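Worksheet: the structure to be examined is printed underneath.
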Amino acid sequence: MGGAVVLDLISELPENKQYDLYFDTIFNSPALIDKLLDKRMGATCTKRVNRTDNCPLEDIKSVKKKSTGSFDFQNSKNLNMFRWNDNSIVTLASNYYGFESVARMKCWSNIDKKNYRD
């Protein structure tokens, strides 16, 4: 259902323009991301931690043990996947953004009640 909804919606968009699409766990799959890349559309989406499509990202338990802001990433020809430790574990997939988009920043930890600089 999810991928078909996205493809139906983008069929209404004017052609010859670049689009970057962002969607959540319901509307994503590797096949959809490949189809959007074929249409020259960027796609970035959140992934459920147990639905990483056999991508060898670091497992959840070891990521949780690391400090806030710690991350892992894997990339292939058409897909980049990222996982990092924030208030909870976040997993993203993108055919547009890569590792170079990562920057150091100051983060607040509600658990430790202090700022961290990554």
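The values are calculated or read from the model by the stated rules, or taken from the named source; none is laboratory data. Here the structure is a predicted model, which means the values were calculated and not measured. Here the Cβ is made from the backbone with ideal geometry for all residues, glycine too, and neighbour counts use every protein chain on show.
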Inset, instruction - Take residue 83 and decide whether it is within 30 Å of residue 114 (Cα to Cα), surrounded by 11 or more Cβ atoms within 10 Å (Cβ to Cβ) and at pLDDT below 85. - result: no
Inset, instruction - Could you list, in sequence order, all residues of the range 23-66 that are of a type in the set (D, E, K, R) and in contact with a Ser or Thr (Cβ under 7 Å, 6 or more places away or on another chain)? - result: 24, 47, 48
Inset, instruction - Return the residue satisfying two criteria in turn: it lies in the range 15-30 and is more than 15 Å from the chain's Cα centre (by Cα) and not basic (Lys, Arg), and of such residues it is modelled with the highest pLDDT. - result: 19
Inset, instruction - Kindly list the number of the only condition in (1) modelled with pLDDT under 80; (2) small (Gly, Ala, Ser); (3) surrounded by fewer than 12 Cβ atoms within 10 Å (Cβ to Cβ) that fails for residue 88. - result: (1)
Inset, instruction - Identify, from the list 37, 13, the residue that is surrounded by 13 or more Cβ atoms within 10 Å (Cβ to Cβ) and touching a strand residue (DSSP E or B) at 6+ places or on another chain (Cβ under 9 Å). - result: 37
Legend entry - Matching option when the condition is touching a helix residue (DSSP H, G or I) at 6+ places or on another chain (Cβ under 8 Å), exposed (fewer than 13 other Cβ atoms within 10 Å of the Cβ) and part of a helix (DSSP H, G or I), among 31, 4: 31
Inset, instruction - Tell me which residues, restricted to the range 16-28, are without any contact (Cβ under 8 Å) to a residue 40 or more places away in the chain and either surrounded by 13 or more Cβ atoms within 10 Å (Cβ to Cβ) or not basic (Lys, Arg) (or both). - result: 16, 18, 19, 21, 22, 23, 24, 25, 26, 27
Inset, instruction - Examine the range 90-104 for a residue that is in a strand (DSSP E or B), aliphatic (A, V, I, L, M) and in contact with an Asp or Glu (Cβ under 9 Å, 6 or more places away or on another chain), and state whether such a residue exists. - result: yes
